[in-house]
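This report refers to the structure that appears directly beneath it.
The values are calculated or read from the model by the stated rules, or taken from the named source; none is laboratory data. Just so it is clear, the model here is predicted, and its values are computed rather than measured. Positions of Cβ are generated from backbone atoms using ideal geometry, with glycine treated the same way; all protein chains shown enter the neighbour counts. Heads up: the accessible areas ignore ligands, DNA and RNA and are worked out on the full protein's heavy atoms, side chains in. Shrake-Rupley method; radii C 1.70, N 1.55, O 1.52, S 1.80 Å.
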Amino acid sequence: MSDYLMPAKNGTHEIIIDRSRFICHVYRVQTVDEANAYINEIRERHSRANHHCVAYLIGEHNAFGRAADDGEPSGTAGAPMLDVLQRKNIRNCLVVVTRYFGGIKLGAGGLIRAYGRAVSESLTTIGLVRRINMQSIWLTCNYALLDTLQSKIKRQGYTVGHIEYSDRVKLEALVEVTETEAFTQWVVAFTHDTVVLKLGDISFKELPHEND
């Protein structure tokens with residue numbers, strides 16, 4: 001997978017439905033052990049809650065996934081929570097919805113909607129970032145070309161990284177791996193082959209993502 005979404009940060013968001021409190025805890029996680037540690041922490045912090053329902057997807061290729069209803073009717077909590085993560089292409093994310101029962105039963109359909117809504121609203125409120133497999137490309141040019149180069153790179157939708165100054169300027173462009181060849185050809189064409197290009201590292205970068 002070349003790119004996916006993650007929460008922009010850890011956070012909590014609460015909704016109330018028919019007097020029941022649904023507190024959704026959202027975490028950025030990289031391992032199952034890290035996820036379990038957060039789950040245990042929430043259980044201790046909200047020891048009087050009725051349920052702590054869990055969903056997570058960990059790994060760029062969904063290596064680890066889990067959905068747990070924690071006493072709610074089977075399939076009414078963990079599954080709809082996990083479905084939100086899958087539909088939004090969110091990875092390396094743990095969501096735990098803590099429920100304090102308000103005395104009114106919601107029924108299976110009501111629970112599915114409530115748990116799914118709790119996760120969806122939380123992710124919208126907290127925000128998401130897009131993690132993209134990016135190729136670092138260093139462009140060495142004369143100072144006279146720097147402003148034009150920066151402007152054109154940004155207008156084409158690419159990202160400008162670091163800039164180093166010496167006798168000439170070295171500018172870093174961050175390009176999706178799949179666009180590396182097209183980018184280099186484009187630079188060579190519009191600069192008439194006056195820029196020296198050198199490939200740098202490939203790594204995941206986080207870019208802002210507008211909620212759907």
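Taking only C-alpha pairs under 8 Å that are 6+ residues apart, what is the relative contact order of the range 134-212 in percent?
Once divided by the residue count of the range 134-212, the mean separation gives 44 percent.
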Original post:
So if we plug the beta-carbon distance of residue 210 and residue 100 into 1/(1 + (r/R0)^6) with R0 = 30 Å, what FRET efficiency do we get, rounded to 0.05?
Top reply: 0.35
Subject >> Cα-based helix-to-principal-axis angle, 180-190 vs the chain, degrees rounded to 10 >> reply: 40
Original post:
Leaving out ligands, DNA and RNA, what percent of the accessible area of the range 56-212 is carbon and sulfur, probe 1.4 Å?
Top reply: 49
**OP:** Would you mind classifying the range 70-166 by shape? Square roots of the alpha carbon gyration tensor eigenvalues, ordered a ≥ b ≥ c; an a/c under 1.5 is rounded, otherwise it is prolate if a/b is larger than b/c and oblate if not.
**Re:** prolate
Original post:
Of 159, 120, 73, whose Cα points farthest to the positive end of the dipole of the chain (charges on the beta-carbon: +1 Lys, Arg; -1 Asp, Glu; origin at the Cα centre)?
Top reply: 73
Original post:
Can you list residues whose amide H is under 5 Å from residue 10's amide H, if they're 5+ apart or on another chain and H is modeled 1.01 Å from N?
Top reply: 28
Original post:
Counting only pairs 8 or more places apart or on different chains, how many lysine pairs in the chain have C-alpha atoms closer than 30 Å?
Top reply: 14
Subject >> residue 33 - accessible surface, heavy atoms, 1.4 Å probe, Å² rounded to 10 >> reply: 120
**OP:** Let me see the pair-distance distribution of the chain: every alpha carbon pair, 10 Å bin width, integer percents in order.
**Re:** 8, 30, 23, 15, 13, 8, 3, 0
Subject >> Length-normalised contact order of the range 31-183 in % [C-alpha pairs under 8 Å, at least 6 apart] >> reply: 18
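For 64, 204, what's the largest-to-smallest order of accessible area, 1.4 Å probe?
The most accessible residue leads, giving 64, 204.
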Original post:
If you take the beta carbon distance between residue 192 and residue 133 as r and set R0 to 35 Å, what does 1/(1 + (r/R0)^6) give as a FRET efficiency, to the nearest 0.05?
Top reply: 0.70
**OP:** Find the Cα radius of gyration of the range 121-212, compare it with 2.2 N^0.38 Å by division, and give the number to two decimals.
**Re:** 1.23
Original post:
Out of residues 5 or more away from residue 50 or on other chains, whose amide H comes under 5 Å of its own, with H placed 1.01 Å from N in the peptide plane?
Top reply: 99, 100, 101
Original post:
Using 7 Å Cα-to-Cβ label points, what is the residue 18/residue 108 separation (nm, one decimal)?
Top reply: 1.5
Original post:
How would 100, 143, 56 line up by accessible area, probe 1.4 Å, largest first?
Top reply: 143, 100, 56
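In debye, nearest 20, what is the charge dipole magnitude of the chain about its Cα centre with +1 on Lys and Arg Cβ and -1 on Asp and Glu Cβ, if you could check?
The dipole magnitude comes to about 660 debye.
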Original post:
Over the range 62-126, what is the relative contact order in whole percent, taking alpha-carbon pairs under 8 Å and six or more residues apart?
Top reply: 38
